[in-house]
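Novice: Sharing a structure below in structure tokens format, with a few things to ask.
The values are calculated or read from the model by the stated rules, or taken from the named source; none is laboratory data. Here the structure is a predicted model, which means the values were calculated and not measured. Counting neighbours? That spans all protein chains shown, and the Cβs are built from the backbone with ideal geometry, glycine included. What goes into the accessible areas is simple: the full protein's heavy atoms, side chains included, and nothing from ligands, DNA or RNA. Shrake-Rupley method; radii C 1.70, N 1.55, O 1.52, S 1.80 Å.
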Amino acid sequence: MIKLIREGSRKYPWILITLMLMIVVAFIVGMGWWGYGDAHTDRVAEVGELSISIEEYRRTYRNLYDYYKENMGDELKDDEVKQAALESLVNTKLWVQAAERMGLTITPDELRAQVIGLPAFHKNGRFHPDVYRTILLRNRLTPALFEALERERLLADKARAMVVDSVALTPTERQEAEMLVGTVAEVGSTTPVAKDLLMQNFLFQKQQRALNAYTETLKTRIPVEIYRENM
């Protein structure tokens, strides 16, 4: 075979060139452009330095699907649940990296308190290791993976809390809120508790706007790449 190729290459050099090109193309198609295959077959997205695995996405999707199915019934739309699961995970990864840039951390004691405080792992009102392991096994989770995910969630929540705590009503906004409370009071009797709730709601809305704005800012600073073919 080699002799035939050698002799043919002398008479018809274009044959050897064609064969080499075919080999190169087959190698690229079979192994990927850099020779390592598709590097993203195990993930749904990359968010900066973090990634979202297919299993993590599917687990979040299943949990959301079950929640929405129970609460929305026939109004459930699969595409919307998939998008909600993806957005939830992407936002968590963004806020985790924001927390790290803020210098925030989760201590082992904080993580332990979170895990043992979850009612799902309790038996007779107390944390039970066997219940913990059984539930994780049922959800195809190891303790190490579950605790890593909980650490991420706690870290993201801590960063969000930092932003929320930095938001306060300006004197003008407080005056507007008080005017709103006064308008409501003119319509009907308003108790001091109701007035306080209205003021808190005014502040809450501003805090949510701040969180949304901060999330959008993170998306402009941290690259997000989605592999929808893996969803």
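Novice: Before I look further, what does the stretch 83-167 give for accessible area per residue, probe 1.4 Å, in whole square angstrom?
Specialist: Per-residue accessible area for the stretch 83-167 comes out at 57 Å².
Novice: Let me ask another. Sequence gap of 8 or more, or different chains, plus Cα separation below 24 Å: how many lysine pairs satisfy both in the stretch 113-231?
Specialist: For the stretch 113-231, the number of qualifying lysine pairs is 4.
Novice: Which of the aspartates and glutamates could a cross-linker span from Lys77 if the Cα-Cα distance has to be under 14 Å and same-chain partners fewer than 8 positions apart are dropped?
Specialist: Asp66
Novice: Show me the ranking of peptides 170-176, 196-202 by mean Cβ neighbours inside 10 Å, starting with the highest. Intermediate results must be reported in sequence, preceding the final value.
Specialist: Values: 170-176: 10.7, 196-202: 13.9.
Most protected by this proxy first, the peptides run 196-202, 170-176.
Novice: Determine how large the accessible area of Lys206 is when every protein chain is in place; take a 1.4 Å probe and give Å² rounded to the nearest 10.
Specialist: Near enough 40 Å² of accessible area.
Novice: Tell me which residues come under 5 Å, amide H to amide H, from Ser53 once H is placed; ignore anything under 5 positions away on its chain.
Specialist: The answer is Val44.
Novice: May I ask for the distance between the Cα centers of the stretch 47-118 and the stretch 141-161, given as a whole number of Å?
Specialist: 9
Novice: Tell me, in nm to one decimal, what length is gained between His122 and Val164 on full extension, where the rule is 0.36 nm per residue of separation less the Cα-Cα distance?
Specialist: Stretched fully, the His122-Val164 segment lengthens by 12.0 nm.
Novice: Would you kindly state how much longer the chain becomes between Phe146 and Asp42 on full extension, computed as 0.36 nm times their sequence separation minus their alpha carbon distance, in nm to one decimal? Working shown, then result.
Specialist: Numbers: separation 104, 0.36 × 104 = 37.44 nm, distance 1.84 nm.
Residue separation times 0.36 nm, minus the Cα-Cα distance, leaves 35.6 nm.
Novice: Leaving out ligands, DNA and RNA but keeping every protein chain, what accessible area does Glu46 have, in Å² rounded to the nearest 10, with a 1.4 Å probe?
Specialist: Ignoring ligands and nucleic acids, Glu46 comes out at about 50 Å².
Novice: Could you order Met179, Met231 so the one with the most accessible surface comes first? Probe is 1.4 Å.
Specialist: Final ranking, largest accessible area leading: Met179, Met231.
Novice: Then there is this: Within the stretch 85-231, what whole-number % of the accessible surface is contributed by carbon and sulfur, with the 1.4 Å probe and all protein chains included in the calculation?
Specialist: Roughly 56 percent, rounded to a whole number.
Novice: Residue-wise, which Karplus ³J(HN,Hα) couplings in Hz belong to the stretch 50-57, taking 6.51 cos²θ - 1.76 cosθ + 1.60, θ = phi - 60°, and x for glycine or proline?
Specialist: Couplings: 10, 10, 10, 6, 4, 5, 4, 5 Hz.
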